[in-house]
Every structure is written in C-alpha cells, then in structure tokens.
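Working notes, structure below.
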C-alpha cells in the first residue's frame, strides 16, 4: 500500500518486522469453506480481513453442525480466525454506499458467490474499477465466470467427482471414494490466495489492480499433477491407487498385529534393500533380500502382487511400536497411518506450532491449526478468534470510515448493518 | 523489483499489461514433485524460473517412469514447463561463485533439499542474506528446518499417512487409502508459492527479503481444515468418509445401471426435496418425498443407512445419461464420477483453457494442465516446454551474467556446468 497508510493500527514498533501483509485490507464476502479457508491465510499473514456478512443471517457456516461452542459453530470458528466481523445489507442503497466507501480504502475484494450475484448488485469488478482502479477483485466459483457450466451450483464432492479425483481414490474394483480432506473446496482457496498475492505484487509495479477468477473445477485439473500429465501423454486412464503406486514398488499401507497400519514408501532400490533387510530378520522371511523376483524396480513392478502379499504377512507378525523401531533403525521411509488425534499430537507438529489457541468472547478458548507458512522474520504469533456477527461494525464504520455513532445506530435500526 | 530492470527481455510492448510476476527471477533448485509443482506456478505467472540442476544428472524426475517422449520423462515435462534449464555443480568453488552471482540478480532462492544440505554448501539463507539482503529464500522439506523429525526423508504417501489424510480416506472398516491426487507433495508447493509471493510483496514495503520454511507435514495439518477443527473441539476421531458425509445427508456416489457412478450433494433441505422429487418419478419410489423418516436434516442423519439403500436401488435402474438429464432438470447438485479422460475433455474445462500445449525441441508437442489462476488483465497464454538439461546455460551465463563463451566452454570441460 505504497503511500497509503490507511491502516494505522497495524503499524509496528520500530525494530520489529511487520507481518508480510501488514497494511493490506481485504473485503471478504466469502462463505462456507473454499473462500474462508483462503481468506484465513490472508489474516494469518497479517492482512486486515473484514468479513462482510448479511445482517441477522451471516455466513451459512455459522450454523454448520455438529459441534457448537456456546452456540458458535466450531466449523465457523476454525475457518474464520484472524478476521473482523462486519454486517452489511448489500441489497440496500445505503449498504452499497458503505461498501463502495470500504472499497476506496481497501486493496482486495474477495467473494465466492455464484457468477452474476455481484453484477446484479452493481458491485462487480467492472463497476468497482471505474471508481478505484487499484482494487484487486477475486472471485471463486464452481466453474468460473464463463463457459457452459458457469451458473451451476457446486459442492466439494461434485467437484472431486467431475475433476477426476474420485476416480483415482479408493480401491480397484470398489466404489470411488472422496479424498478425505475436502480438496475440491480447499484447492480453490489456495489458488485464490496465490492470484491475489501475485496481483498485489504486480500492483506495486503498475499501480493497477485486476480481476482474478478461480474455478474449483479448473483447480482440480491443476491438482491432477503428474497423474493427469501421464494420462495426457499416454491416453491410459488411471485406476484407483488404493494406498499404493503402479510404478514405484513397494509403496502401500500394511496392517500390523494390533490392526493399525504402516505406510511404507520405497520407490528407490536402496530403500527397497533396506526394507528387505528389516523384513528378513523375521522368522520365515530370511530369503527376501535375495529373492530374484524382486531384485530390480522393473521386476518389483512385475511381481507387485506377490511382494505385497509377503509384506502383508510380515507386517501382521509385529505391533506398531516394534515396526516403528525396526523401520527407523533400518532406514526405511515409513510412517504409521495416524488418525487425527495422533496426527495432531505428533511432537513434530507441536514443535512447529501447528496447533494454536484462540480466545473467543463467547465460546472461550479453542484450538485450531496453525499457519504452515513459517517465516523467520515475520511469522504471525497472534491468532484472534473468529468474529461474532457484526462484532466490529462500530470500529470499522466510525474508525475506518467516518460515520458517527448515531449514524451507525441508524444503520442498525434500518437493517443496513 | 523496484528500480532494478535486470530482466530486460521480459519488458513488454507499451499498452500490453505485463504478467504479474514479470521481472521476478527465481533460482529453482527443487526436484521431483513438491518443489517443481510450486515453481511451475511462478513460471505460469510470468516469473523467470531458472531451474538449476546437477551437471550430467539433473532432476531425478527426468528419469521417472512410465512414459517417455523421445527419451524425456512425461512426468518431468509436465511439472517443469515455463522454466529455463541451467546446470551447476554446487560442490565446486566455481559453481558456488556462479550461484552467488545469480543470487545477486535474482529475487528468490527456492529449494526442497533435506535440511542441512544448503548449509553444508555454504549457500544457506544466513550466508546469502549477508551478501544480498533482498533475497527471499524458501525451503520445502518433509518436516521443516527444526524439530525432532527434521532430518527424516519424506514421500507423499508417508506424509498423507502421518498427517491424517489416509485415516479419513477410504471406507469404514476397510484399509486406509491415499488421496488419489498427491496432496502430500502438492500442498507443500502451493503454500511455498504463497509464502514467496507474500514475501515479495513485503519486500516492496521494507526492501528486505526473508526466509520461509515449508514443512509438508505442517501443510497436512492445515489441509485438515474443518475435519481437524471438529476433532480439536470435540476429541472425536473422524472415520473414513467413503464418498459420503456424516452430517450432511444425502451425499455420496451411487452406481447407475451401466456401472458408472453419480456423486450427489444434497446438504440442504431444498436440494434434498429436489432429489426426492426426481427419484419419486421412478416406479416404486413414489413415496420418497413424503417419507417421514427423511423429512428433516436431523432425521436424515438418523436414517442415513436406509436412505442410502433406497438411493442405491433407485440409481441402479437408469443409465448415466438419463440420470444426468433428470438430475439437471430437477436441480439436484450432482455430477458423474469422471475418470481422467472424461474430466479432461469436459467442455467447461476446455472452455477455460485448462489443457494447453507445449512444443519441446526433442519431444515435440505435448499437452499439460493450464493455469487455474485466470487473470483478466494478465493471463499467461505462453506455455514454454520444460527445458533440456542445461539448455539455457549459454544464454544465462553470457547474457544474464557476463561470462564469455570461452569461459562457458571451460566450465563445461571442468564439470562446473
């Protein structure tokens, strides 16, 4: 925000490095998951995120079950930390006027309405840029702002189905499965953040904002990564991968004596040899290191089923602690298949401060995932709780804009906020 | 790069908007997937990405099976478009010297070595920032640069196992499954790009670069999103989701008469009612809209198994085209579970230019996924092919740096490049 110190409360004391997005203000109209997951990253990086919600209603995720902390949805609390809460009826003329005033002192408008909603409100990029050419406008929608499917609703599961993720998740011959993390939604937020950050950087060079359109389906195509790439050059349709890999053998989850699973990853000759050595110490498995069927990567691909069967038998003879010790000592890349309780109590995860606490005025203290963007100079250690509906109305309207407390009271009475 | 026009070939003609990262130069030491998937985004956004590889060896993914286009790995070709190729032996003194000269005219150093590798080379952030405080340094590793697990190797499957994704992917009572897209790796690249872009923006304000450390495991914790959030507030360990959802019913994949699947997403009352109407037109399903067991969201959660059974029976009576028509007409959010061939030929995907072509000097023309960051002013329509090993040595060393062609020949003889 060169030359526009419009966010004085974020000035830091001399000597301390400001957070990377200090001074950036985001008007966040997004709801549910794809949008808010992304805009949480802006807040974590130090931007001032003004979450704008419909008066009396708010983000639909404020009502998402199943867990509520003193009436506040845990889902909402998690996805909306480090944001401020503002209500605004964008259908009213006064609401539009306030929104335009906010645009004038902001850097980014960020929304995940269906295409056309902002146009009908007269608040689309085309209308806003006339007034404020520096504004960056990012929309996230199921299918983007143009094309035959643009008006369709979209949910995470549909997007994972359409984009091909479900077709490669699960086990061969079985029904398709969803990826357990909602990547249909999350991917949209992640790329939206990249688009906005690139546009912020570009604006430093040009002085101009621009429009970014993120389609959840487009993002799935990008996330196909090498899986899609291999299809595009070969025309061979990939099958569900289970816990394994077609061409790097052995990779997979094997069940131990107590029912828990270990995922091993031995894509290289060296790692396979390490694994075979560890397994050979078990009774009846002494021949594995010299078994000619598994001597090279090509042979292991050919005899994958037989190797997997041997490994399944071997893993069933010991419990997870014994395997952890033996595999670590033998330098075999492997990991217990953790449930979320195990994942979130891993000492490495705690060391990296990936579980942080917020203190909410109504719900009290609650934990959420930390930021995985660790910056040595400017890491954010402040995790403010998700806002109550309209919690910062007064602060924003009288502090950032120049309305009087009486005017704000009037807006409230008239349903503008 | 305020005031440093060190990249004159990227100047654009007056009137045309430069790509958002025009003028940004990234020294990309990363290999395999997590790193290159991220740095491809820099290139797509207009940065000059110099991919630096070991002379005579190169990125290990140059040899990744199973498909090769005239000797070039399809995997490598896909993940490394819009990058230039430079070889450099970083263990030689001359190689280090050249690297330092490159740092002087670059913005970002980006690597995914195991922690400690760059320190041993004397090229870690601490050493580089002394010479060039504007440099931004981003490392991606399995577990980050500190903590009890920092020195461990990491592969996508292990990361998905440790971070909890496998525990929620697959079907209840069955073995854990990997997410079909390699989110253990991809997530690292996606957050690394965010960190670098945020640091680039911050540098415009402060004049200083900074260090960013991305841990693949940290990223998994972030990608747990609301799944992790609900665990953190409730202590209830989530189970594999299959193709369904515990608290939004009905959601799931149902098999049609020809064996293909449809994913339906009816998390709201209205969408459920639409679905029940469509289903009720089938013989024997006329009662569904009035069935009291499924009248409210709460009742549908309670009677999920019975509802899923009815839907499974109903879907088996018709083929996918009939379902597509009926569900669209009835306004039921749904999508065929596409394989990759179907996903990549969807008219919407093609309309959005999500399949693009590159022309490689050896391999010829090949397709890859487009960029999902659609910027109306500055979208990149140029997709250069992945580089040959050392393809741009001459250009970079004599053009960007000031070595003579004779010196470059000498570097080659001595194994420096």
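Bear in mind these aren't lab numbers, they're just calculated from the coordinates by the rules spelled out. Bear in mind that the values here come from a model prediction, so they are computed numbers and not experimental data. Note that each Cβ is placed from the backbone with ideal geometry, even for glycine, and that neighbours are counted across all protein chains shown.
Some observations on this one:
- Summary of packing: across the peptides A:164-171, B:166-173, the per-residue average of other C-beta atoms within 10 Å ranks them, highest first, as A:164-171, B:166-173.
- Value of relative contact order over segment B:128-271, rounded to a whole percent, pairs C-alpha under 8 Å and six or more apart: 27
- Fraction of the pair-distance distribution of segment B:153-193 above 17 Å, Cα-Cα pairs, percent: 30
- Per-selection metrics, segment B:297-369 (Cα): Rg and Dmax in Å: 19.4, 62
- Full extension of the chain segment joining residue A:234 with residue A:398 gains 52.9 nm, where the gain is 0.36 nm per residue of separation less the Cα-Cα distance.
- Relative to the dominant Cα principal axis of chain A, helix A:93-104 is inclined by about 70°.
- Rg and Dmax of segment B:29-81, based on Cα coordinates, read 11.0, 30 Å.
- Residue A:312-residue B:345 FRET efficiency (beta carbon distance; Förster radius 45 Å; 0.05 resolution): 0.75
- Förster-model FRET efficiency, 41 Å R0, residue A:298 and residue B:255, C-beta, rounded to 0.05: 0.70
- Binned Cα-Cα distances of segment B:174-291, short to long, each 10 Å bin given as a whole percent: 10, 24, 25, 20, 13, 5, 2, 0
- Each principal axis of segment A:221-279 carries a Cα extent, and these read 39, 27, 18 Å when sorted largest first.
- Computed log₁₀ I(q)/I(0) - Debye formula, equal Cα scatterers, no solvent, segment A:223-342, q 0.18 Å⁻¹: -0.95
- Relative intensity of chain B on a log10 scale, I(q)/I(0) at q = 0.07, 0.09, 0.12 Å⁻¹, equals -0.45, -0.69, -1.04, per a Debye sum over C-alpha point scatterers of equal strength in the absence of solvent.
- Sorting A:412, A:270 by the number of Cβ atoms found within 10 Å of their own Cβ, with the fewest placed first, yields A:270, A:412.
- Fewest-first ranking of B:245, A:351, B:226, using other Cβ atoms within 10 Å as the exposure measure: A:351, B:245, B:226
- Panel note: the C-alpha atoms of segment A:110-244, placed on their principal axes, show extents of 57, 32, 26 Å (largest first).
- Coarse-grained scattering of segment B:88-162 at q = 0.12, 0.18, 0.24, 0.25 Å⁻¹, given as base-10 log I(q)/I(0) from a Debye sum over alpha-carbon atoms: -0.39, -0.76, -1.11, -1.16
- Overall form of segment B:16-144 per C-alpha gyration tensor (a/c, 1.5; a/b vs b/c): oblate
- Percent of Cα pairs exceeding the 17 Å cut-off, where the set is segment A:269-314: 21
- Packing-based exposure ordering (other Cβ within 10 Å, fewest first) of B:63, A:25: B:63, A:25
- When all alpha carbon pairs of the protein assembly as shown are counted in 20 Å bins from zero, the resulting P(r) reads 15, 49, 31, 4, 0 %.
- Position residue A:316, label points 7 Å along Cα→Cβ, spacing to each other copy in nm (shortest first, one decimal): 3.1
- Ellipticity estimate at 222 nm from DSSP helix runs (n ≥ 4, -39,500 (n - 2.57)) divided over chain A, nearest 500: -10000 deg cm²/dmol
- Per-residue mean of C-beta atoms belonging to partner chains within 10 Å, peptide A:360-367: 1
- Peptide A:210-216 has a mean shielding of 5, counted as Cβ atoms of other protein chains within 10 Å of each residue's Cβ.
- Taking every alpha-carbon pair under 8 Å whose residues sit at least 6 apart, segment A:247-326 reaches a relative contact order of 38 percent.
- Residue by residue along A:36-42, Cβ atoms of other protein chains within 10 Å of the local Cβ number 2 on average.
- Globularity ratio of segment A:59-132, using Cα Rg and 2.2 N^0.38 Å: 1.33
- Between helix A:34-44 and chain A: long-axis angle, C-alpha atoms, 0 to 90°, nearest 10: 80
- 0 to 90° range, to nearest 10: angle between helix A:225-234 axis and chain A longest Cα axis: 70
- Distribution of pairwise C-alpha distances over segment A:288-417, 10 Å bins, in %: 9, 20, 19, 17, 14, 8, 9, 5, 0
- P(r) weight above 20 Å for segment A:133-202, C-alpha pairs, percent: 43
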